[in-house]
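Enquirer: Dropping the structure in here first, questions after.
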Amino acid sequence: MTQRSTRPIHLLHDSRVLARMLGIETPCCDMVAMPTSGPAEPFLAAVSTNPLSDGFLLDLDAPSDRFLCYSGSLDEDLFADEPRNWMPQGQARLQSFLDATAPALRAQSRRMCLRPHWRHALGDLPSCVKFVRERITADPTGPFELCLSPIEMLAPSMLNPPKAREEHLQRMFAHLGAVASCVLLADYAPRTDASEESCLELLPLGNGCLDRHHVLALLEEFVPTTTVILLLSGAVDQQVRWLTLDR
């Protein structure tokens, strides 16, 4: 085995578990991304509430100035099947949210990194490309960023045949890999019902059926080596080997 180029790797820790480990008060967020090496400085604080709901708030006492948030849903259930998210109503709601949030983020020197999901307002490649063009490329010093989370952008219907899944991943990395501030890499379990449109369960790398060689090739081709890689907590050594060793 040979070592691949080193990338900054951060683990998404449950904030309650992390607080118990460090003997500190539980941070006001759901997860905290901590580096696997170097200074123990959080890369981001993740929240799992719905940003398009009326009661959405960000706590400025979070341990990082970068927040990781889903782009949200018009349904109160964040992962419900809500077709309006992809239609003009959902897209307009997202734009209103971004317009309303930007001044406060700027004033507090905070950044919001949006995490796409196939059931949310940023649910496919065109909506993500539009977000990047209008909110990042057009305003490079602005408060918004994008997290490339390729498995969460895959609807179950996109998984088979494998060639189709690979083509979807290829397009995601080709269009978003260079502009994403981080890449959330996770594995997924094989489907037991090909017609079921439920969300995929995210697993640590190496615990599912993700094509390792294909994903590593996409990383090498499209994602700068300085871009942070986010991993789920657990099986740390296994996941780092998955990322860093040639076989």
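Here, each number is a calculation from the coordinates, and none is a lab measurement. The structure displayed is predicted, hence computed values, not measured ones. Using ideal geometry, Cβ is built from the backbone for each residue, glycine included, and neighbour counts are taken over all protein chains shown.
Enquirer: Compute a Gaussian network model of the chain, connecting alpha carbons closer than 10 Å, and tell me which residue from Thr141, Thr227, Thr49 fluctuates the most.
Expert: Thr141
Enquirer: Right, something else. Based only on the alpha carbon positions, what is the Kirkwood hydrodynamic radius of segment 26-99, in angstrom? Each step should come with its number before you reach the end.
Expert: Numbers: mean 1/r = 0.0730 Å⁻¹.
By the Kirkwood definition, the hydrodynamic radius is 13.7 Å.
Enquirer: Oh, and also: log₁₀ I(q)/I(0) of the chain at q = 0.08 Å⁻¹, via Debye over equal Cα point scatterers, no solvent, to two decimals?
Expert: -0.29
Enquirer: Now for a separate question. Percent antiparallel among DSSP beta bridges with both residues in the chain, to the nearest 5?
Expert: 40
Enquirer: For Glu221, Glu145, which order do you get if you count the other beta carbons within 10 Å of each Cβ and list the fewest first?
Expert: Ordered by Cβ neighbours within 10 Å, fewest first: Glu221, Glu145.
Enquirer: Between Gln95 and Thr225, what is the label-to-label distance in nm when each label sits 7 Å out along the Cα-to-Cβ direction?
Expert: In this crude label model, Gln95 to Thr225 measures out at 4.1 nm.
Enquirer: Report the gain in length on full extension from Ala138 to Gln170: 0.36 nm times residue separation, minus Cα-Cα distance, nm rounded to one decimal.
Expert: 9.1 nm
Enquirer: Could you put His120, His214, His168 in order, starting from the residue whose Cβ has the fewest other Cβ atoms within 10 Å?
Expert: Ascending number of Cβ neighbours within 10 Å: His214, His168, His120.
Enquirer: Obtain the nm distance between the two label points defined at Ser198 and Asp14 by a simple spin-label model: each point lies 7 Å from its Cα along the Cα-to-C-beta direction.
Expert: For Ser198 paired with Asp14, the spin-label model returns 2.0 nm.
Enquirer: While we're on this one: Answer with one residue from Val47, Thr226, Met34: the one whose Cα lies farthest towards the positive end of the charge dipole of the chain, charges on Cβ with Lys, Arg +1 and Asp, Glu -1.
Expert: The Cα lying farthest towards the positive end belongs to Thr226.
Enquirer: Please find the FRET efficiency linking Ala178 to Glu76, where r is the Cβ-Cβ separation and R0 is fixed at 35 Å, and quote it to the nearest 0.05.
Expert: Plugging the Cβ-Cβ distance into 1/(1 + (r/R0)^6) gives 0.50.
Enquirer: Inverting the mean 1/r over all pairs of different Cα atoms, compute the Kirkwood radius of segment 136-222 and quote it in Å. Spell out each step's value before the answer.
Expert: Values: mean 1/r = 0.0718 Å⁻¹.
For segment 136-222, inverting the mean 1/r across all distinct Cα pairs yields 13.9 Å.
Enquirer: Sort Tyr70, Tyr188 by Cβ crowding within 10 Å, fewest neighbours at the top.
Expert: Working: Tyr70 25, Tyr188 19.
So the residues, fewest neighbours to most, are Tyr188, Tyr70.
Enquirer: Measuring from label point to label point, each 7 Å out along Cα→Cβ, what is the Phe56 to Thr6 span in nm?
Expert: Going by the 7 Å Cα→Cβ label model, 3.7 nm.
Enquirer: For the chain, with a Gaussian network of springs between Cα atoms less than 10 Å apart, report the residue from Cys209, Cys147, Cys199 with the top mean-square fluctuation.
Expert: Cys209
Enquirer: I'd like to know which of Ala92, Ile136, Phe79 lies farthest towards the positive end of the charge dipole of segment 2-246, counting +1 on Cβ of Lys and Arg and -1 on Cβ of Asp and Glu.
Expert: Sorting the options by dipole projection puts first Ile136.
Enquirer: Mind listing the long-range amide H neighbours of Tyr188? Cut-off is under 5 Å, sequence gap 5 or more, other chains count too, H placed in the peptide plane at 1.01 Å from N.
Expert: Here Leu203, Gly208, Cys209, Leu210 satisfy the definition.
Enquirer: Under a Cβ-only charge scheme (Lys and Arg +1, Asp and Glu -1), can you give me the dipole magnitude of the chain about the Cα centre, in debye to the nearest 20?
Expert: It works out to roughly 660 debye.
Enquirer: Compare Asp99, Asp14, Asp65 in a GNM of the chain, Cα atoms joined below 10 Å, and give the one with the largest fluctuation.
Expert: Asp99
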